[in-house]
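Below is one structure; the comments refer to it alone.
The values are calculated or read from the model by the stated rules, or taken from the named source; none is laboratory data. Keep in mind that what you see is a predicted model, and the values were worked out from it rather than measured. Neighbour counts are summed over all protein chains in view; Cβ atoms, including those assigned to glycine, are modelled from backbone coordinates with ideal geometry. Side chains are part of the model used for accessible areas, which takes the heavy atoms of the whole protein and leaves out ligands, DNA and RNA. Shrake-Rupley method; radii C 1.70, N 1.55, O 1.52, S 1.80 Å.
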Amino acid sequence: MVNKPHKTKLSFVVPFTHSESTKIFEKKSDLEVWNSFNKGEEAAFNYIYRCYTPILFSVGMQITGNVDLVKDGIQNLFIDLRRKRGTLSEVVSIKSYLLKSLQRDLFRTMKKENSQSIQSIELPENAFLIEVSHETKVIQMESENEINTQLKQALNQLTPKQRQALILLYEEGMSYKEIAEVLEFNQVKTARKLVYRAIESLKQLLKN
């Protein structure tokens with residue numbers, strides 16, 4: 001029996017407006033922002049929360065269509081981060097760190113609810129289905145109106161991880177190093193190879 005996701009409430013109040021925190025941290029590196037947060041600076045926490053919640057929600061919804069599950073995952077992630085601040089390791093890319101953390105939390109919850117082992121964490125087959133807004137950024141073609149359907153069909157024949165890698169690279173503008181971190185690859189070249197194979201597969205599918 002699948003249990004309904006438990007609804008949680010944020011146990012903190014964000015005291016700064018987005019514009020205020022943006023002015024303070026927008027020109028700082030991720031490492032500087034993270035270290036400020038880890039030292040207890042509320043404006044840094046506010047900046048991270050407001051900047052990255054939209055992408056976390058977007059990616060979470062591509063993993064599972066359960067809105068409550070995604071919202072709970074995001075809330076629990078930030079509650080946990082705030083609880084652990086002062087003991088956290090340095091983070092060079094906040095986006096990739098948060099995406100990896102949320103992804104693992106969602107997988108664990110999904111496996112638990114389905115009474116499956118959490119030893120093997122894999123993307124569902126219907127994860128990261130690519131829509132038109134993603135397609136046009138992944139591959140630029142002159143007659144977009146004519147090839148959109150064909151391209152969409154080809155993209156969605158790729159594996160979930162291939163689709164995820166393309167979205168992270170082209171839609172989110174992440175580096176191969178950041179993609180490797182999100183997908184938990186030990187080497188950056190593995191992320192490059194995944195993207196290369198995805199593009200090669202697309203070329204072959206589009207020839208048919």
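Considering (1) in a helix (DSSP H, G or I); (2) hydroxyl-bearing (Ser, Thr, Tyr); (3) modelled with pLDDT of 60 or more; (4) open to solvent by 30 Å² or more (accessible area, probe 1.4 Å), the lone condition that SER96 does not fulfil carries the number (4). Filtered by the rule that a residue be part of a helix (DSSP H, G or I) and surrounded by fewer than 19 Cβ atoms within 10 Å (Cβ to Cβ), the range 52-70 gives THR53, PRO54, ILE55, PHE57, SER58, MET61, VAL67, ASP68.
The criterion of at least 2 residues that are modelled with pLDDT under 80, under 26 Å from ASP68 (Cα atoms) and open to solvent by 20 Å² or more (accessible area, probe 1.4 Å) is met by the following helices (runs of 4 or more DSSP H) wholly inside the range 100-201: 132-138.
Kindly evaluate LEU206 against the criterion of being open to solvent by less than 60 Å² (accessible area, probe 1.4 Å), over 29 Å from VAL67 (Cα atoms), modelled with pLDDT under 90 and not β-branched (Val, Ile, Thr). Criteria met by LEU206. Among the residues of the range 25-47, which ones are outside any loop (DSSP other than H, G, I, E, B), surrounded by 17 or more Cβ atoms within 10 Å (Cβ to Cβ) and not polar (S, T, N, Q)? Residues satisfying the conditions are PHE25, ASP30, VAL33, TRP34, PHE37, ALA43, ALA44, PHE45, TYR47. For SER89, state whether it is under 20 Å from LYS28 (Cα atoms) and free of Cβ contacts under 8 Å to residues at least 12 places away in the same chain. Answer is yes for this residue. A count restricted to the range 176-185 and to residues that are touching a residue at least 60 places away in the same chain (Cβ under 8 Å) and farther than 18 Å from ASP105 by Cα stands at 2. Please go through the range 63-106 and give me each residue that is within 20 Å of GLU184 (Cβ to Cβ) and acidic (Asp, Glu), ordered by number. Matches in the range 63-106: ASP80, GLU90, ASP105.
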